[in-house]
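First the structure, then my questions, so here it is.
Read-outs throughout are calculated quantities, based only on the coordinates presented, and are distinct from any laboratory measurement. What you see is a predicted model; the values in this text were computed from it and never measured. Cβ placement follows ideal geometry from the backbone for every residue including glycine, while neighbour counts extend to all protein chains displayed.
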Amino acid sequence: MSAQIPRPYRSTPVFDQDTLPAALRRDHSTKAGVWGVIRVIEGRLRLTFIDPFAEHVLEAGDAAVSQPQQAHFVTPDGAMKMQVDFYDRPPGG
């Protein structure tokens, strides 16, 4: 019997550089027990984790995981499209 790959319980709309909410552009985090998977669909996006500090440039096709309660923010790098999927258990598989 193989392990079941978790599915997101919720996803944001697809955001572009103009519709990306201000709340995602400033420090924020998921709740306890919630993982976020930031997926870049088109263009580039900078993902910044606060503590410990780390910055990643994500390009189309890339994804990054935000751990529960891990403070971070995103910054568009020109035209882009992105979406966040939320999981109630680790999204690896």
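Exposed loop chymotrypsin sites (Phe, Trp or Tyr not before Pro) only (DSSP loop, at most 11 other Cβ atoms within 10 Å): please give the longest stretch of the chain free of them, not including the sites.
Between the exposed loop sites, the longest stretch runs 10-52.
Please arrange His28, His72 by how many other C-beta atoms lie within 10 Å of their C-beta, fewest to most.
His28, His72
Quick check: residue separation of Ala22 and Ile41 times 0.36 nm, minus the Cα distance between them. What number comes out in nm?
4.9 nm is the gain from fully extending Ala22 to Ile41.
Quick one: Debye curve from the alpha-carbon atoms of the chain only, equal weights, vacuum; give me log10 I(q)/I(0) at q = 0.12, 0.13, 0.14 Å⁻¹ to two decimals.
Debye intensities relative to I(0), on a log10 scale: -0.35, -0.41, -0.47.
Whole-Hz ³J(HN,Hα) for each residue in the stretch 76-81, computed from phi via Karplus 6.51 cos²θ - 1.76 cosθ + 1.60 with θ = phi - 60°, x for glycine and proline: what do you get?
x, 10, x, 5, 7, 9
Kindly write out, for the stretch 64-70 in residue order, the coupling ³J(HN,Hα) from the Karplus curve 6.51 cos²θ - 1.76 cosθ + 1.60 (θ = phi - 60°), rounded to whole Hz, with x marking Gly and Pro.
Residue by residue, the stretch 64-70 yields 9, 9, 9, 6, x, 6, 8 Hz.
OK, next. Remind me, relative contact order of the stretch 10-87 in percent, using alpha carbon pairs under 8 angstrom and six or more residues apart?
With pairs under 8 Å counted, the relative contact order is 47 percent.
Given R₀ = 30 Å, what would the calculated FRET efficiency be for Asp88 paired with Glu55, taking r from the Cβ atoms and rounding to 0.05?
0.65
Sticking with this one: How far apart, in nm, are the 7 Å Cα→Cβ label points at Thr48 and Gln69?
Once both label points are built, they end up 2.4 nm from each other.
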